[in-house]
Amino acid sequence: MATHLLTKVQRDHLDSLTRANGVNALSELIWNALDADATQIQIRTEKSQLGAWNTLIVEDNGHGLSRRDALSVFESIGGSQKRNSPVSPGHRSFHGKEGRGRYKALALGNHVSFQSTYLSDDGMARTFAIDLHREIIDRPVVHDAVILDDGSKATGFRVVIKSLNQSVVSKLFTKTSLDEITEKFAIYSMTYPDFKILVGNQELNFQALIRNTESEDRYFQDTSNRDYNFNIQVVEWNFDCHRKIYLCNRNGVTYRDIPAGIRPGLPICIVISSPYIDRLQLENRLDVGELDPTLNDAIIAAKSYGRRYARERLHQRAQQFIDDLKSEHIYPYKGDATTEVEHASRQVFDIVALQVNEFLPSFNEQGKKGKQLTLSLIKEALENDTSSLRRILTEVIELPESKLQELAELLDQTPLSNIIDTMKEVTNRLSFLQALESLIYDQPIKENVLEHKNLHKIIVNETWIFGDTYTYGVDDEGLKAMLHGHLKHLGRGKSEEDLKISDDLGINNIPNVCIGRQFSNGQSDNFLNLVVEIKQPTMDVGRAEVMQFMDYATSVSEDTNLPKNNHSWRFVLLVRDIKSELKTWVNPKDRDYGHIVSGEGVDVYVLKWSDIISAARVKYEYIRESLNISLSNDEQSMKSLQDKYRQYLPDYPMSDKVIKKK
């Protein structure tokens, strides 16, 4: 006679247990089979004559569930026999202990029949069924057990689901969902390999899907300063996995999975196994485990480990591809890397090129010249501006957006791109200083270059030579007008904005030039103004010129039209050399060399070009030496300067050999 139970829990709580996607619902049924020591799990479906999903069957050869235990299991949540032991009779760690998983089957269909065959205490095989309906979820029916009349001793569990949820079940048997199920149980198979899962007649092949694994042990303390071991394992697959983090007990049995939140460009998942996760599971705290500081530390460490693994493996895989490019003579780098810049650039290039090769089918279809052009574009982007790399990959090479995101994540998580950009900037600035010094002091160049006519146009774009504060400035129209007005009032020359450059303007007719730029001082309404006057290169400056410059600085800074509480000023008189009469002025005891006036919001400097260049060079030379960056020679530096400022520095005749300043 059937027994009608009344589950001792609120109806709305039972309803909440049925909310699951198809993959999670089916996975729970598989877990129940594995917890029953099943070695074979068969999943089958039946369709109606009209093609609708009719029945879903999950059948295993485990030890089944006795009727006595079924009455306990279905009468109350938490009545599972698994709570009494950490392992199954076959010595597998249990996945679930609360008996909640059986209700998730109702996410697949409205009627579930659990059919169990087990060996009773008298050694006889008995079978019975439990019926569960969504409409009366709190009223399961447990039928009487009957002895098998064929004398068989085979045990097992059979779940038959009807009134199927068509949309959920149809998604369940897609390749994406089956790959996710395979991924989930492949991890379990690494600990317990003695089982197989068949979907229809197709066996899920776990081991064939695992390409590589790597792990490390880490220790983290709980709030009581007790150390817990966390084994972090990266699993690399032979298919495009879902990139999840699996939270497992110490034996690798998954309790929960969460998104890994990384796009490493490599099909990996991360498995975290720890007795601490067992503890959270037993205390019903694993569902919000990310809020636990100990587990959160382990998750952060696992993500970092996964990203590092992905970078290293991608580079290893790239090596064969790169060797092939070299044998075809289309690898864009020549010889061995000799500096950190070249080494970093090549490592990023190899990773990007590998991604293009793997995810752009048309790449291999190109001829040798087509491949060479593609690789050259990537190389140029890395060497000149890594920010342009995404645009080239999108607009020119047309890499899929999903792969662009993965690649961007990979590069964002590595310092390589930043290292390349930083090294390139350091190299460019040192090269600029080298060329600037030649431009000002080297006689063969000086005789052929109208320094004053061209120099100020270059300096206005390279204000970083006065300090890092002056890297990014703006040309404020009000500032320009004010500077020009004061110059005119004092009977001086013109500001650089009003100076008209023409080819027939001789150097003796060019006045002293004033450069003015405005910089943010760390606040939106606070400004630092840099005013630089460049004297004629042939002039050595004395007291008269300095006093004239100080008059100008005073008149500008005391202008009544300027707000005083949010503007500060730095005036620089930039000269080739200083007369001996100014030695005491430019060597104050309480300030830096050249800092002749320090007032409220106003600083006045008289500096030689050599002072500016030397100060900047010392800083960037230190960075260069630390990073082992090679620097081009003087002639190459001058060529780079001419290329960058061609409109200001035409191809003047150069000497056969640049003479360095003694």
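Miscellaneous remarks
- When each of Leu198, Leu266, Leu209 is tested for being closer than 23 Å to Asn32 by Cβ, among the aliphatic types (A, V, I, L, M) and in contact with a strand residue (DSSP E or B) (Cβ under 9 Å, 6 or more places away or on another chain), the lone residue that passes is Leu198.
- Considering only residues in region 216-249 that are part of a strand (DSSP E or B) and over 19 Å from Thr294 (Cβ atoms), the one that is modelled with the lowest pLDDT turns out to be Trp237.
- Summed over region 1-59, the residues that are under 44 Å from the mean Cα position of the chain (by Cα), over 22 Å from Val168 (Cβ atoms) and without any contact (Cβ under 8 Å) to a residue 12 or more places away in the chain give a count of 0.
- When every residue of region 141-148 is checked against the conditions, at least one turns out to be modelled with pLDDT under 90, more than 22 Å from His242 (Cβ to Cβ), part of a loop (DSSP other than H, G, I, E, B) and over 33 Å from the mean Cα position of the chain (by Cα).
- Subset of region 87-109 that is in contact with a strand residue (DSSP E or B) (Cβ under 8 Å, 6 or more places away or on another chain) and assigned to a loop (DSSP other than H, G, I, E, B) - its residue that is modelled with the lowest pLDDT: His95
- Subset tally (residues that are in contact (Cβ under 8 Å) with a residue 60 or more places away in the chain, hydrophobic (A, V, I, L, M, F, W, C) and part of a loop (DSSP other than H, G, I, E, B)) for region 182-215: 2
- Flag for Gly252 being part of a loop (DSSP other than H, G, I, E, B), of a type outside the set (A, V, I, L, M) and surrounded by 16 or more Cβ atoms within 10 Å (Cβ to Cβ): yes
- The residue list Ser215, Ser189 contains one member that is at negative phi and assigned by TED's automatic domain parsing to the domain that holds Ile299, which is Ser215.
- Picking from residues in region 250-276 that are among the small types (Gly, Ala, Ser) and modelled with pLDDT under 90, the one that is farthest from Thr294 (Cα to Cα) is Gly265.
- From the options Asn566, Asn587, residue that is farther than 15 Å from Ser610 by Cα and modelled with pLDDT of 80 or more: Asn587
- Condition met for Asp540 (closer than 19 Å to Leu582 by Cα, surrounded by fewer than 19 Cβ atoms within 10 Å (Cβ to Cβ) and either modelled with pLDDT of 60 or more or not assigned by TED's automatic domain parsing to the domain that holds Val604 (or both)): yes
- Some residue of region 217-235 being surrounded by fewer than 21 Cβ atoms within 10 Å (Cβ to Cβ), of a type in the set (D, E, K, R) and closer than 26 Å to Gln355 by Cβ: no
- Each residue in region 290-343 was checked for being crowded, with 18+ Cβ neighbours inside 10 Å, part of a helix (DSSP H, G or I) and either hydroxyl-bearing (Ser, Thr, Tyr) or modelled with pLDDT under 80 (or both), and 8 pass.
- Arg591 falls short on exactly one of the conditions (1) basic (Lys, Arg); (2) outside any loop (DSSP other than H, G, I, E, B); (3) free of Cβ contacts under 8 Å to residues at least 12 places away in the same chain, and that condition is (2).
- Selected residue (only one of Asp37, Asp69, Asp15 is at pLDDT 80 or above, among the acidic types (Asp, Glu) and in a helix (DSSP H, G or I)): Asp69
- Residue in region 110-133 that is at pLDDT below 90, buried (at least 17 other Cβ atoms within 10 Å of the Cβ) and either within 30 Å of Leu247 (Cβ to Cβ) or among the polar types (S, T, N, Q) (or both) present: no
- Filtering region 562-588 to residues that are among the hydroxyl-bearing types (Ser, Thr, Tyr), outside any helix (DSSP H, G or I) and either more than 45 Å from the chain's Cα centre (by Cα) or farther than 22 Å from Leu528 by Cα (or both) leaves only Thr584.
The values are calculated or read from the model by the stated rules, or taken from the named source; none is laboratory data. Everything numeric here is computed off the predicted structure, so don't read it as measured data. Cβ sites come from the backbone with ideal geometry, for glycine too, and all protein chains shown count toward neighbours.
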